[in-house]
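Peer 1: The structure is given below, and queries will be raised subsequently.
The values are calculated or read from the model by the stated rules, or taken from the named source; none is laboratory data. Computed from a predicted structure; not experimentally measured. In this analysis, Cβ positions are derived from the backbone assuming ideal geometry, glycine residues included, and neighbour counts consider all displayed protein chains.
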Amino acid sequence: MLQNESGSQIMKAAVVARAKPTPGSGPLLKVGARGSEVKALQKRLDALGFPNGANDGVFGRNTELAVEKFQRSVKLKPDGIVGKNTWKKLGIHVKVPRPPPIKAGGAWGGSQNVANAAKRIAAAMGIPVTSQKRNLADTRRVGSSTESDHYTGIKTAFAVDFGVSGTRGDQLARAIASKYGIPRGKIGASTGRVIRVGGASYRLQLLWRVAGHFDHVHLGVRRV
């Protein structure tokens, strides 16, 4: 018997895996993933006798350990990553929720709502917003420019900063770039990119791993 695994756990998982006439399916999940699909995985593991703590939709170390135990019980490589073969054995179908489209609207010439898609991505990753619009005093305090999208004097722009660093910052910047159709080569470019949303044009500036942007990802949106 494998250490830390009960015979009943192994038997229960094996019986379920054999009894399921239709193999399961779902998205690739591993440590760091968040969302309803992770919660569905956690609930399924619990039902099979592999508890992983709180079913909170956060794929942490406890969930990884539970996945590894389940994988061993059904004779899969215990890598803690839920891919095609693991979903088949889990016997449930989980779909990734379709993200809402980018929409214009709200304040600042509609640019505030355009930025909401990036805020949803960061929230799903557990990355906080650290700054948005700033008045003149705060703009001067942080040494920023009145030409910045953060400055409240720019009435048709909105900006948001996400407090993150290292590889997590890379992941967030790439996810935001993908959502808005920004080429990776444009991440960190001051020239930005123009997109059309709701019949209006918005210039996007995604800054990361450039001067002043190693501890946060910046997205600026300005109607043009």
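Peer 1: Quick one: is Lys75 modelled with pLDDT under 95, basic (Lys, Arg) and either surrounded by 14 or more Cβ atoms within 10 Å (Cβ to Cβ) or over 20 Å from the mean Cα position of the chain (by Cα) (or both)?
Peer 2: In short, yes.
Peer 1: While we're looking at this one, here's another question. Yes or no: region 37-45 includes at least one residue that is among the polar types (S, T, N, Q), on the phi < 0 side of the Ramachandran plot, touching a Lys or Arg at 6+ places or on another chain (Cβ under 7 Å) and surrounded by 16 or more Cβ atoms within 10 Å (Cβ to Cβ).
Peer 2: no
Peer 1: Can you tell me how many residues in region 39-94 are assigned to a helix (DSSP H, G or I), over 19 Å from Pro27 (Cα atoms) and among the aliphatic types (A, V, I, L, M)?
Peer 2: 1
Peer 1: Tell me whether region 46-62 contains one or more residues that are surrounded by 15 or more Cβ atoms within 10 Å (Cβ to Cβ), of a type in the set (Lys, Arg) and modelled with pLDDT of 90 or more.
Peer 2: no
Peer 1: Just one of Lys133, Lys103, Lys155, Lys179 is closer than 19 Å to Tyr202 by Cα, modelled with pLDDT of 95 or more and surrounded by fewer than 16 Cβ atoms within 10 Å (Cβ to Cβ); which is it?
Peer 2: Testing whether each residue is closer than 19 Å to Tyr202 by Cα, modelled with pLDDT of 95 or more and surrounded by fewer than 16 Cβ atoms within 10 Å (Cβ to Cβ) leaves just Lys155.
Peer 1: For Ala173, indicate whether it is surrounded by 13 or more Cβ atoms within 10 Å (Cβ to Cβ), under 13 Å from Ala118 (Cα atoms) and either β-branched (Val, Ile, Thr) or in contact (Cβ under 8 Å) with a residue 24 or more places away in the chain (or both).
Peer 2: It is true that Ala173 is surrounded by 13 or more Cβ atoms within 10 Å (Cβ to Cβ), under 13 Å from Ala118 (Cα atoms) and either β-branched (Val, Ile, Thr) or in contact (Cβ under 8 Å) with a residue 24 or more places away in the chain (or both).
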